[in-house]
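Written below as structure tokens is the structure these notes are about.
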Amino acid sequence: MQKVFIVDDHGPVLRVLRLGLEQAGYEVSSANNGSECLVQLCDQQPDFLVTDIDMPRMGGKELCFAIEKQFPERSFPIIVLTSRSELEHRSWTREIDNLGFMEKPVSVKRLIATIGATLSNDSRKCGT
């Protein structure tokens, strides 16, 4: 079973994403912020990571850069979810390999389709 790690500080969003992904057949782990994610990441060894951008303690942008630094050989793709659509809030994502971007509100079906397509692709590059 493929593992997806979700990082989001909004309980209702986290529950909806978890439920949708579990119903689609994924094993799901979660954290409420980037700091919690980093603590759990080695043990969880996800196939895919989905993170919100605006969170307390450590947001998604900081989490992505921390993952790049701590896990330079990571094999799992990352999708960043945010309601920010302005270009300056999106441009940093080009600095990190294998990272996609989805604007909120996110369709759970679209997220599941993106994860499925990415994981079935041998190169495991985010197609968002």
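The table for this structure:
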{"read-out": "Computed magnitude of the charge dipole of the range 1-59 (debye, nearest 20; Cβ of K, R +1, Cβ of D, E -1)", "value": "60"}
{"read-out": "Relative contact order (percent, whole number), the chain, Cα cutoff 8 Å, 6+ residue spacing", "value": "22"}
{"read-out": "3J(HN,Hα) from dihedral phi, the range 11-21, Karplus parametrisation 6.51/-1.76/1.60, rounded to Hz, x for glycine, proline", "value": "x, x, 5, 4, 5, 5, 5, 4, 4, x, 5"}
{"read-out": "Dipole magnitude of the chain, debye to nearest 20 (Cβ charges: Lys/Arg +1, Asp/Glu -1, about Cα centre)", "value": "280"}
{"read-out": "Net +/- balance of residues flanking SER29 in space, Cβ distance below 13 Å, scoring K and R +1, D and E -1", "value": "-4"}
{"read-out": "Label zone at SER75 (point 7 Å along Cα-to-Cβ), backbone N below 20 Å, the range 4-45", "value": "4-6, 26-29, 40-45"}
{"read-out": "Which of ASN32, PHE101, THR114, positive extreme of dipole for the chain (C-beta unit charges)", "value": "THR114"}
{"read-out": "Cα-Cα pairs of the chain separated by more than 24 Å (percent)", "value": "17"}
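Rule-based calculations on the coordinates, nothing more; no lab input. Just so we're clear, the structure is a prediction, and the values are computed from it rather than from any experiment. Counting neighbours? That spans all protein chains shown, and the Cβs are built from the backbone with ideal geometry, glycine included.
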